[in-house]
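The values are calculated or read from the model by the stated rules, or taken from the named source; none is laboratory data. Note that the structure is predicted; figures quoted are calculated from it, not measured. Because the Cβ atoms are built from the backbone with ideal geometry, glycine has one as well, and the counts that use them run over all protein chains shown.
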Amino acid sequence: MVPLGPNVDGFEGDLEAFLGLPEGRVVALNSGTAAIHLGLIQLGVGPGDEVICQSFTFSASANPIAYLGARPVFVDSEAETWNMDPALLEVAIEDRMRVTGQKPKAIIPVHLYGMPAKMDEILEVARVQDPY
């Protein structure tokens, strides 16, 4: 968590108002690693789960998975953006379902070097695998 004070409280309050959320629903964190960690906790990721992340990134993308006793499943990059390859993501999900009988619990794409990942395609693959 970040040091508390009027600026952090104001930021959290402003973001809650912008998003139309009740008071106390936004928490400022000190790093992206902490944000991924908290997000995975909120998703119920735990020991034995698998979480997909891309192979070409900083270790902070995979470390929170390991903190929770889950297993990172790495997906390679595509050449245009160097981010998660949606086609390889689909292959990885199908592989994990075939091998383990379960879908990975989450997907963590990264926008590397300021280049956005192909989120429309990544989300489409995720929707096809879980239409609900």
Discussion item. Take the residues in the range 100-128 that are among the small types (Gly, Ala, Ser) and over 12 Å from the mean Cα position of the chain (by Cα); name whichever of them is farthest from residue 79 (Cα to Cα).
Written reply: 101
Worksheet entry | Members of the range 27-38 that are in a helix (DSSP H, G or I) and small (Gly, Ala, Ser) | 32, 34, 35
Fill in: Selection count where residues are assigned to a strand (DSSP E or B) and either modelled with pLDDT under 95 or charged (D, E, K, R) (or both), scope the range 39-53
1
Response to the item:
Those residues of the range 1-48 which are loosely packed, with under 10 Cβ neighbours inside 10 Å and under 27 Å from residue 59 (Cα atoms) amount to 3, 42, 47
Worksheet item: In the range 56-75, is there at least one residue being closer than 18 Å to residue 126 by Cα and in contact with a Leu (Cβ under 7 Å, 6 or more places away or on another chain)?
Response: yes
Discussion item. Return the residues of the range 5-55 that are within 25 Å of residue 105 (Cβ to Cβ) and among the acidic types (Asp, Glu); say none if nothing qualifies.
Written reply: 49, 50
